[in-house]
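Notes to accompany the following structure.
The values are calculated or read from the model by the stated rules, or taken from the named source; none is laboratory data. Everything quoted here is computed from the prediction, not taken from an experiment. Please note: Cβ atoms are built from the backbone with ideal geometry, for glycine as well, and neighbour counts cover all protein chains shown. Side chains included, ligands, DNA and RNA excluded: accessible areas come from the protein's heavy atoms. Shrake-Rupley method; radii C 1.70, N 1.55, O 1.52, S 1.80 Å.
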Amino acid sequence: MSIIAISRGTFSGGEALAKRVAERLGYPCLSRETNLEAAAKTYGVPAADLVAAMEKRPPFWQRVLGERTTHLMFVRATLCEHAQADNLVFHGLVGHLLLPGISHVIRVRVIADMDYRIKAARAQQGLRHAEALAYIEKVNQERRQWIRFLFDVEWDDSNLYDVVLNLSRMSLGMACEIVTRLTEQDELKPTPESRRAMANLTLASRVSAKLAMDPRTRDVDLKVVAEDGIVTITGETRSLAVDEAIDLVARQVDGVTEVRSRVTFIPVYPGT
């Protein structure tokens, strides 16, 4: 069966829809918050650091050091582990962008008008009208900047989704019915090719996370691609020791049968 990725804006009703769909289909339901907690535990990163890294735009020094993309690797690898078996409803911010190139990921965006969202914010957090509006706008702006920085896309671009559901104009039951029907469509069901793509993405994510954990390689900007156990790593380094460590670290990951390093060594000259 399919993987359903529900992108939910603040107080738009996406969490309620995800739980309803998961119950209807008998799928596990994974939230962005639970995935972050699992990533923090697996990779030894304070949960608060991961939450901050996945919500707020980094200052310049963090962008240079690559801390944000390192945390993203941990979150993606954790989500891939959950998604390996299909039959998953994930709800959170742009989960589908963490699973690129997988045709059986159903990409759902849930929206609602501001009155709906303010009413939900006031009910759930006891905020006054002005406080709820300010909170929603602040979170939206931070998340929009975060997505633009990491993925170079606009969060509300409808081309990123298979369906956009407005809970201001339809009931939760109707929205659930629409998503459920999408899982029945042949073009959105897993195929041997899409499952292979998922396995390749999972392996590449495992290697990326392993490289990000190792002190010899964590500060190097590397790109990892996997294909049937063969891992190709590209990037640049000024240290031959780093180049050697990349191969050693990648080979430690289960499922890797061959490592092809395409990392370019850039010599350091005096005065540079």
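For A5, are the conditions met, namely being outside any loop (DSSP other than H, G, I, E, B), among the aliphatic types (A, V, I, L, M) and touching a Phe, Trp or Tyr at 6+ places or on another chain (Cβ under 8 Å)? Answer is yes for this residue. If the condition is being closer than 20 Å to G26 by Cα and assigned to a loop (DSSP other than H, G, I, E, B), then region 80-131 contributes Q84, A85, D86, N87, H104.
For (1) open to solvent by 50 Å² or more (accessible area, probe 1.4 Å); (2) part of a loop (DSSP other than H, G, I, E, B); (3) at pLDDT below 70, each residue gets a yes or a no:
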site: T34; (1), (2), (3): yes, no, no
site: A38; (1), (2), (3): no, no, no
site: P58; (1), (2), (3): no, yes, yes
site: W61; (1), (2), (3): yes, no, yes
site: V64; (1), (2), (3): yes, no, yes
site: H71; (1), (2), (3): no, no, no
site: A77; (1), (2), (3): no, no, no
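Being of a type outside the set (K, R), surrounded by fewer than 19 Cβ atoms within 10 Å (Cβ to Cβ) and at pLDDT 95 or above is a condition met by no residue of region 140-151.
Of all residues in region 86-105, those that are modelled with pLDDT of 90 or more have Cβ atoms under 6 Å from Cβ atoms of residues that are of a type in the set (K, R) and not in a loop (DSSP other than H, G, I, E, B), 6 or more apart or on another chain, in H91/R8; H96/R107; L98/R76.
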